[in-house]
Amino acid sequence: MAATIGVVGLGKLGLPIAVTLALQGHEVIAYDRDSSRMDLAALSALELGPDATSSLHACIGEDLPVRFASLDELLSLVDCVFVVVDTPHGPTFEGITPLPDSRSDFGYVSLIAAVRSIVDAAPRPVEIGIMSTVLPGTIRSQILPLVGEHPLVYCPQFVAMGRVAADLLRPEFTLLGCGEQTAVMVPEILGGLGSAKRFVVSYETAELAKVAYNTFVSAKVTVSNLVQWMAHETGADVLDVFRILRSADQRLTSDAYLGPGMGDGGPCHPRDNIALSWLFRQKGAGADLFTDVMRARQAYVEWLGNAFREYAGGLPLVLLGTAFKPGSDIQTGSSAVLMATLLNQAGAAVTVAATKAHLSTLSLPAGAAAFFIGCPEPEFVEYPFPAGSVVVDPWCVVPDLDGVRVHRIGATPVAYAQS
Ligand SMILES: NC(=O)c1ccc[n+]([C@@H]2O[C@H](COP(=O)([O-])OP(=O)(O)OC[C@H]3O[C@@H](n4cnc5c(N)ncnc54)[C@H](O)[C@@H]3O)[C@@H](O)[C@H]2O)c1
């Protein structure tokens with residue numbers, strides 16, 4: 001059933017969500033307090049469409065039922081409203097600087113302001129679905145007291161940047177954190193996005209499931225990092241080890257996030273773990289896997305940086321690519337940015353080509369240099385490395401090259417040739 005849906009907060013997540021809901025045939029009315037976000041042109045060119053291949057922009061026709069309006073107009077028309085505003089963490093809790101000893105909760109100022117403004121402007125009861133990420137306990141203690149008679153659902157989405165449409169339309173499950181007031185539209189709209197298993201649970205259960213999912217991914221990436229590190233140190237072959245582990249699909253589940261590369265990153269995972277370690281400390285917990293995962297991530301990145309300097313042997317250092325993953329230009333929480341920070345703090349001069357656009361704007365060494373593949377975009381992997389250069393490649397994707405020494409971290413030439 002097509003509904004009239006409001007989306008409040010049109011950032012990296014909210015705008016692609018608004019477009020995707022409209023592609024499903026819903027009438028979408030969208031609002032952001034920042035007028036520059038109230039424009040389809042603000043959608044990242046790197047967001048892919050439902051097929052995860054072509055761009056989401058290419059799916060936007062003249063007749064796509066999405067439009068931008070004031071909050072008052074939005075609330076006079078919609079059946080329900082999704083809130084996708086930021087819940088930021090401090091800059092030192094993002095994962096691009098060494099982990100500090102202090103911890104803190106996310107900031108809920110935007111979320112509280114958004115919910116307050118919805119409640120104030122709503123001419124009648126409207127279902128409110130919160131998609132912003134919060135720590136367990138937040139919805140009941142800080143948001144529920146604001147909403148009065150408006151039914152409130154906590155409905156975080158499990159989507160990756162660049163793949164919001166595809167992940168939204170093929171969810172692993174539909175998660176609905178509900179309170180006493182019955183919500184109808186939010187469950188119907190989200191349940192209609194895919195034929196996934198549905199969990200209707202308490203706010204706290206949904207909140208914990210959301211952040212625990214991110215911790216699981218971070219832990220998986222960090223286990224991969226440590227396997228790669230150990231392979232390099234012991235002579236095991238990392239590509240073979242991953243081939244073996246990926247076959248263990250009965251006990252270790254899917255092969256996603258199991259492979260060579262950098263530490264975990266992005267605008268969600270590191271910060272969610274660091275915030276969870278704050279919550280755990282508040283509860284007096286005696287173990288803190290969240291911090292341990294973040295420390296192991298940092299140690300791996302630091303070790304990679306040291307290996308880079310050793311292999312460079314005095315050549316100028318060039319870091320190619322600092323987006324947190326290929327196909328994205330997002331630098332938030334990137335472990336390649338963390339590596340650049342750690343190298344700078346250690347007194348090493350490193351030239352950083354953050355994105356492929358920098359290859360033409362930066363003056364990179366014309367002669368031999370040491371290159372580190374921070375993000376395996378084709379433009380970096382296929383860069384014309386000058387003769388005599390060293391390439392350090394944690395992704396194990398750079399081929400053998402004449403006159404260039406390629407170090408694929410943890411991989412033997414035999415296993416690389418077979419991969
Ligand atoms: N980016 C992701 O991959 C991802 C994935 C899952 C969950 N999340 C969560 O979703 C939320 C949003 O993330 P994001 O990356 O889109 O953030 P963002 O900073 O890119 O966008 C937030 C938007 O909300 C707007 N906003 C803030 N307060 C507002 C208000 N009172 N009224 C209207 N608009 C307001 C801002 O202007 C901004 O455009 C966060 O809680 C984040 O943790 C993000």
Completion exercise
The lone condition Leu190 fails out of (1) modelled with pLDDT of 95 or more; (2) within 16 Å of the ligand (Cβ to nearest atom); (3) within 14 Å of the chain's Cα centre (by Cα) is (3)
Practice task
Output yes when any residue across the stretch 247-264 is touching a residue at least 40 places away in the same chain (Cβ under 8 Å), under 16 Å from the mean Cα position of the chain (by Cα), assigned by TED's automatic domain parsing to the domain that holds Arg408 and more than 18 Å from Leu342 (Cβ to Cβ), and no when none is.
Solution key: yes
Practice task
Please enumerate the residues belonging to the stretch 99-109 that are surrounded by fewer than 13 Cβ atoms within 10 Å (Cβ to Cβ) and under 15 Å from Val293 (Cα atoms).
Solution key: Pro100, Asp101
Handout entry: Only one of Gly374, Gly321 that is buried (at least 24 other Cβ atoms within 10 Å of the Cβ) and touching a Leu at 6+ places or on another chain (Cβ under 6 Å)
Key = Gly374
Exercise for the section: Test Glu180 against the stated conditions and say whether it is loosely packed, with under 15 Cβ neighbours inside 10 Å and closer than 27 Å to Leu43 by Cβ. Expected result: no
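Taking the condition in contact (Cβ under 8 Å) with a residue 60 or more places away in the chain, in the same structural domain as Pro365 (by TED's automatic domain parsing) and of a type in the set (A, V, I, L, M, F, W, C), does Leu342 pass?
On the way: in contact (Cβ under 8 Å) with a residue 60 or more places away in the chain: yes; in the same structural domain as Pro365 (by TED's automatic domain parsing): yes; of a type in the set (A, V, I, L, M, F, W, C): yes.
Spelling it out, Leu342 is indeed in contact (Cβ under 8 Å) with a residue 60 or more places away in the chain, in the same structural domain as Pro365 (by TED's automatic domain parsing) and of a type in the set (A, V, I, L, M, F, W, C).
Could you go through the stretch 23-31 and let me know if any residue there is out of contact with any Leu (no Cβ under 9 Å at 6 or more places or on another chain), small (Gly, Ala, Ser) and assigned to a loop (DSSP other than H, G, I, E, B).
Within the stretch 23-31, the subset out of contact with any Leu (no Cβ under 9 Å at 6 or more places or on another chain) is 25-26.
From what's left, small (Gly, Ala, Ser): 25.
Subset that is assigned to a loop (DSSP other than H, G, I, E, B): 25.
Yes, the stretch 23-31 has at least one match.
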Exercise for the section: Determine, yes or no, whether Met185 is of a type outside the set (Phe, Trp, Tyr) and touching a strand residue (DSSP E or B) at 6+ places or on another chain (Cβ under 6 Å). Expected result: yes
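Looking for something near the ligand (Cβ under 9 Å from one of its atoms) and in contact with a Leu (Cβ under 8 Å, 6 or more places away or on another chain) - is there at least one such residue anywhere in the stretch 101-113?
Yes, that holds for at least one residue.
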Problem - Among residues of the stretch 40-88, those that are part of a helix (DSSP H, G or I), within 16 Å of the ligand (Cβ to nearest atom) and either among the basic types (Lys, Arg) or within 14 Å of Ile17 (Cα to Cα) (or both), counted - result: 2
Exercise for the section: Check off (1) polar (S, T, N, Q); (2) farther than 20 Å from Gly90 by Cβ; (3) touching a Phe, Trp or Tyr at 6+ places or on another chain (Cβ under 6 Å) for Ser277 and give me the number that stays unchecked. Expected result: (2)
Exercise for the section: Find all pairs meeting these conditions: Cβ atoms under 7 angstrom apart; at least six residues apart or on different chains; first residue within the stretch 123-148 and farther than 26 Å from Tyr213 by Cβ; second residue away from the ligand (no atom under 12 Å from the Cβ) and part of a strand (DSSP E or B). Expected result: Val126/Cys80
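Looking at Val223, Val153, which is the one that is at pLDDT 95 or above and of a type in the set (Val, Ile, Thr)?
Val153
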Exercise for the section: Return the total of residues in the stretch 239-289 being within 16 Å of the ligand (Cβ to nearest atom) and either assigned to a helix (DSSP H, G or I) or acidic (Asp, Glu) (or both). Expected result: 11
Completion exercise
Counting only residues in the stretch 293-352 that are touching a Cys at 6+ places or on another chain (Cβ under 8 Å) and outside any loop (DSSP other than H, G, I, E, B), the one farthest from Val381 (Cα to Cα) is identified as Ala336
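Of all residues in the stretch 144-161, which are more than 9 Å from the ligand (Cβ to nearest atom) and out of contact with any Cys (no Cβ under 7 Å at 6 or more places or on another chain)?
Leu144, Pro145, Leu146, Val147, Gly148, Glu149, His150, Pro151, Leu152, Tyr154, Cys155
The values are calculated or read from the model by the stated rules, or taken from the named source; none is laboratory data. Treat the numbers as computed from the prediction; the structure is a model and nothing was measured. Counting neighbours? That spans all protein chains shown, and the Cβs are built from the backbone with ideal geometry, glycine included.
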